[in-house]
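Heads up, the thing below is written out as C-alpha cells.
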Amino acid sequence: MFKSQNIPEDYAIYVHIPFCQKRCPYCDFYVRTDAYRNLFLYNETLFEEFDKRKNEFSTLTKPFSLYIGGGTPSLTSPADIQRIVEYWKQKGLENFSEISLEANPEDYQRFLEFYQVGINRLSIGVQSFQHDTLKGLGRNHHVETAIKAIETAKNLPYRSVSIDLICGLPFETTDVWIQTLKMAVSCQPDHISVYILSVGPNSAFGKRAQKGLLLLADEQKIEKDYLKTIEFLSQEGYDQYEISNFAKPNHVSQHNLSYWSGRKYYGFGPSAHSYSGDKRYSNFSDLQKWSASVHKETMEYEFVEELDEEKHRIETIAMNIRLRSGLNWRDKRLKIPEKKVSQLLQKGLAVLQNDHLILTPKGMLKENAVVSFLM
C-alpha cells in the first residue's frame with residue numbers, strides 16, 4: 001500500500017500455531033492434528049525464527065500488537081504462550097498493547113491462566129449457537145460450552161472478548177442464523193467477527209461440493225444473512241468498522257485494522273504472512289519445510305512479491321475499500337476516474353463522505369467486483 005506520513009513506523013506481530021485437535025470440514029488453513037509429536041520442534045524453531053529475522057524490523061520503533069492465531073493456540077500450554085509474550089515485551093511490546101489469543105470454547109478452563117501470562121484480548125471460535133449447525137460444521141463444543149466460555153472470559157479482566165461466527169451456511173435458514181445473532185449479543189462480547197462461509201478447494205466441504213455432495217448457499221441466501229447481520233448488530237450497538245468486523249465503542253481490534261490500513265506486520269510460524277512496506281512474503285505452509293528454512297544460513301520463503309507503484313495502487317484500493325472509513329478516491333496516485341465513482345453511487349454500491357468512497361451493505365457483498373471495477 002502507498003506509504004503515508006500518517007502511518008507510524010511501528011509494526012504488528014502475528015504468530016501462527018498450526019495445531020488443532022481435528023480439522024474442521026470448512027477449514028482451508030494450514031493446520032496439523034499431531035501436536036503431541038511436533039510441539040517441541042515447533043516451539044524451538046519458532047524462537048529461532050524470531051531471532052533470525054530481527055533485522056527485518058530493527059529500524060522500526062516497536063511492536064504495537066501481538067496476535068497469536070492458528071490452528072488452536074489455546075491447545076498449547078500457558079507457559080508456551082507466556083514465553084512468546086515475554087519475548088516480544090523484550091522487543092518493546094507494552095503491557096497496554098493489544099495482545100490477542102485465539103481460543104476454542106472448550107478450553108475455557110485455561111482462560112484465567114492465559115490472562116495471567118499476558119494475554120489481554122481473547123478471540124473465541126464460537127461459529128454458531130445452534131446445536132445442529134455446530135454438528136454440521138464439525139465443531140467439538142456444544143452451545144452451552146460456548147456460552148460458558150464467553151461468560152468465563154467476560155468475568156476476567158480481559159480488555160476485549162471477541163467471538164467468531166459463520167453465516168451463509170447451506171444447512172441453516174436465515175431465521176436460524178438470526179437466532180444465533182440474538183444469542184451472541186445476549187452474551188455481550190465486546191467484538192464480533194462474522195465471516196461468510198468460504199469453501200476452499202482443499203477443504204472437506206470444498207471436495208464434497210466439487211463432487212456434488214454439498215450444495216452451497218445461493219447468493220440470495222448469503223445476501224439475506226449478511227444484510228440482516230449488519231442491521232441487527234448495528235441496532236445492538238456494534239459498529240461495523242470493516243466488512244467482517246463489528247465492535248462496541250473502544251473495542252476495535254487494532255491488529256485486524258493494521259491489515260487493511262497499510263501498517264507493517266510480520267508473521268512467524270508455518271504459513272504466516274508478512275508485509276514490510278515494499279514487499280509481501282509468506283513462510284512455507286509445511287512444518288518441516290518451514291523448520292528447514294529457518295535453520296538455513298539465509299531463510300527462504302514460499303512466496304515473495306516485490307511491490308512496485310502499480311501494485312501499491314491496487315493494494316490500497318483493495319484494502320482501504322473494506323473499511324467503514326472508506327477509500328480517498330481523490331488521491332491522485334489511485335487513478336480512479338470520477339465516472340466510475342458516479343456509477344457506483346448510482347447503483348447504490350457506495351456513498352461519499354468527505355471524498356471518501358464508502359461501500360454500502362449491498363456494496364460490501366460485491367466488494368471483489370467493486371475492486372476490479374475501480375482498478
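The values are calculated or read from the model by the stated rules, or taken from the named source; none is laboratory data. Remember, it's a predicted structure, so these values are computed and weren't measured experimentally. Neighbour counts are summed over all protein chains in view; Cβ atoms, including those assigned to glycine, are modelled from backbone coordinates with ideal geometry.
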Inset, instruction - Could you grab me the full set of residues in region 184-215 that are part of a loop (DSSP other than H, G, I, E, B) and not hydrophobic (A, V, I, L, M, F, W, C)? - result: 188, 189, 190, 198, 200, 201, 202, 203, 211, 212
Inset, instruction - Kindly list the number of the only condition in (1) crowded, with 17+ Cβ neighbours inside 10 Å; (2) in contact with a helix residue (DSSP H, G or I) (Cβ under 6 Å, 6 or more places away or on another chain); (3) not in a strand (DSSP E or B) that fails for residue 246. - result: (3)
Inset, instruction - Report yes if residue 181 is in a strand (DSSP E or B), of a type outside the set (D, E, K, R), assigned by TED's automatic domain parsing to the domain that holds residue 238 and buried (at least 16 other Cβ atoms within 10 Å of the Cβ), otherwise no. - result: no
Legend entry - Filter pass, residue 236 being in the same structural domain as residue 183 (by TED's automatic domain parsing) and either within 19 Å of residue 17 (Cα to Cα) or touching a residue at least 40 places away in the same chain (Cβ under 8 Å) (or both): yes
Legend entry - Among (1) surrounded by 14 or more Cβ atoms within 10 Å (Cβ to Cβ); (2) more than 25 Å from residue 239 (Cβ to Cβ) - the single one residue 344 does not satisfy: (2)
Legend entry - Selection within region 250-295 - more than 18 Å from residue 50 (Cβ to Cβ), not in a loop (DSSP other than H, G, I, E, B) and not small (Gly, Ala, Ser): 254, 256, 257, 259, 260, 279, 280, 288, 289
Legend entry - Where a residue in region 151-162 is more than 16 Å from residue 102 (Cβ to Cβ) and free of Cβ contacts under 8 Å to residues at least 60 places away in the same chain and its partner, wherever it lies, is hydrophobic (A, V, I, L, M, F, W, C) and part of a strand (DSSP E or B), with Cβ under 8 Å and at least six apart: 154/161
Inset, instruction - Inspect all residues belonging to region 37-60 and state whether any of them is outside any helix (DSSP H, G or I), of a type in the set (Val, Ile, Thr) and assigned by TED's automatic domain parsing to the domain that holds residue 160. - result: yes
Inset, instruction - Filter region 32-54 down to residues that are within 14 Å of residue 13 (Cα to Cα) and surrounded by fewer than 12 Cβ atoms within 10 Å (Cβ to Cβ) and give me whichever is modelled with the lowest pLDDT. - result: 54
Inset, instruction - Return yes or no: is residue 309 farther than 22 Å from residue 253 by Cα, modelled with pLDDT under 95 and of a type in the set (D, E, K, R)? - result: yes
Legend entry - Qualifying positions in region 295-335 - among the β-branched types (Val, Ile, Thr) and in contact (Cβ under 8 Å) with a residue 24 or more places away in the chain: 304, 314, 316, 317, 321
Inset, instruction - Out of the residues in region 4-27 that are modelled with pLDDT of 85 or more and among the β-branched types (Val, Ile, Thr), state the one that is farthest from residue 198 (Cα to Cα). - result: 13
Inset, instruction - Please list, ordered by first then second residue, the pairs with beta carbon atoms under 7 Å, 6 or more apart or interchain, first in region 110-137 and without any contact (Cβ under 8 Å) to a residue 40 or more places away in the chain, second aromatic (Phe, Trp, Tyr). - result: 136/171
Inset, instruction - May I ask you to verify whether residue 231 is part of a helix (DSSP H, G or I), surrounded by 15 or more Cβ atoms within 10 Å (Cβ to Cβ) and modelled with pLDDT of 90 or more? - result: no
Legend entry - In region 64-94, residue surrounded by the fewest Cβ atoms within 10 Å (Cβ to Cβ) [restricted to those that are outside any helix (DSSP H, G or I) and more than 18 Å from the chain's Cα centre (by Cα)]: 94
